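Note sheet for the following structure.
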Amino acid sequence: MRIATLGPSGNNHELIAKRYLKMRCSDVGSVVLFTQFEDAFQALMTGQASHVLQCTAHAAHSDCVGRYMHRAYPVDTFIAGSKPLALLAQRAIAQPAHVALQPATRYYADLSRYPAIIEAPTTVAVAEGLLDGRFEAGICAEEVLALAPEQLRMVQSLGPALDTWVMFANSPLLASSPLRLDHKDNDDARCD
């Protein structure tokens with residue numbers, strides 16, 4: 001299995017793809033990272049990847065589902081937690097004037113005390129901006145604090161985000177798959 005997903009290295013898409021290979025494929029396979037999902041899906045279309053992994057919370061998800069309908073099929077779905085997240089700030093700044101975040105994390109914490117919000121493409125980009133001093137505060141992986149404890153401080157630990165993930169392939173699931181609810185045999189299934 002060769003999974004195409006969103007980079008950069010160190011982000012949650014890579015983390016979850018590697019977990020998937022370990023748990024569902026006995027650690028056999030590889031992960032290829034792309035800067036945008038369109039390139040990952042093109043790799044699937046051209047055979048450079050066997051699967052694409054995408055978090056449904058990602059802003060590009062609905063566009064990709066529509067754009068690749070009848071060419072890229074959901075073949076697996078699951079719930080997985082991200083790296084533990086945190087709201088971090090520069091130690092030298094008592095009250096940061098701005099907070100950086102990846103848009104999907106906007107409501108993970110009360111940000112009302114920050115006059116400005118800066119959007120970044122990934123939580124990895126937020127971490128890089130915090131470490132190089134471009135951002136006064138930001139939501140990123142909590143592990144970043146250990147990289148610069150003299151520079152950064154914990155404002156709030158947020159824990160992992162639980163997201164729904166979808167694995168795509170070139171061929172659809174069989175109609176009889178238990179993952180498909182549109183099969184007539186599944187019409188009689190009941191939860192009592």
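Since every read-out is calculated from the coordinates, none of them should be taken as a lab result. Here the structure is a predicted model, which means the values were calculated and not measured. So basically every Cβ, Gly included, is an ideal-geometry build from the backbone, and we count neighbours across all protein chains shown.
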Quiz item: How big is the chain in terms of Cα radius of gyration and Dmax, in angstroms?
Solution: 19.2, 63
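Add -39500 (n - 2.57) for each DSSP H run of 4 or more in the chain, then divide by its residues: what number comes out at 222 nm, to the nearest 500 deg cm²/dmol?
Numbers: 5 runs with 43 residues, N = 192.
Calculated at 222 nm, the ellipticity per residue is -6000 deg cm²/dmol.
Which shape class applies to segment 85-159: rounded if a/c is under 1.5, otherwise prolate when a/b exceeds b/c and oblate if not, where a ≥ b ≥ c are the square roots of the Cα gyration tensor eigenvalues?
In terms of gyration-tensor shape, rounded.
For a protection proxy built on the mean count of beta-carbon atoms within 10 angstrom, sort 129-139, 158-168, 3-13 highest first, please. Don't skip to the end; give the middle numbers.
On the way: 129-139: 20.3, 158-168: 16.8, 3-13: 21.8.
Most protected by this proxy first, the peptides run 3-13, 129-139, 158-168.
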Self-check item: segment 61-70 - phi-based ³J(HN,Hα) in whole Hz, Karplus 6.51/-1.76/1.60, Gly and Pro as x
Solution: 4, 5, 5, 5, 4, x, 5, 10, 4, 6
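Report, in debye and to the nearest 20, how large the dipole of segment 32-95 comes out about its Cα centre when Lys and Arg carry +1 and Asp and Glu carry -1 on their Cβ. Please list the in-between numbers first.
On the way: 4 positive and 4 negative charges, 43 e Å.
The calculated dipole for segment 32-95 is roughly 200 debye.
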Practice problem: Please report how far the C-alpha centroid of segment 62-81 lies from that of segment 107-126, rounded to the nearest whole angstrom. | Solution: 27 Å
Exercise. Provide His58, His98 in ascending order of the number of other Cβ atoms located within 10 Å of each residue's Cβ, fewest first.
Key: His98, His58
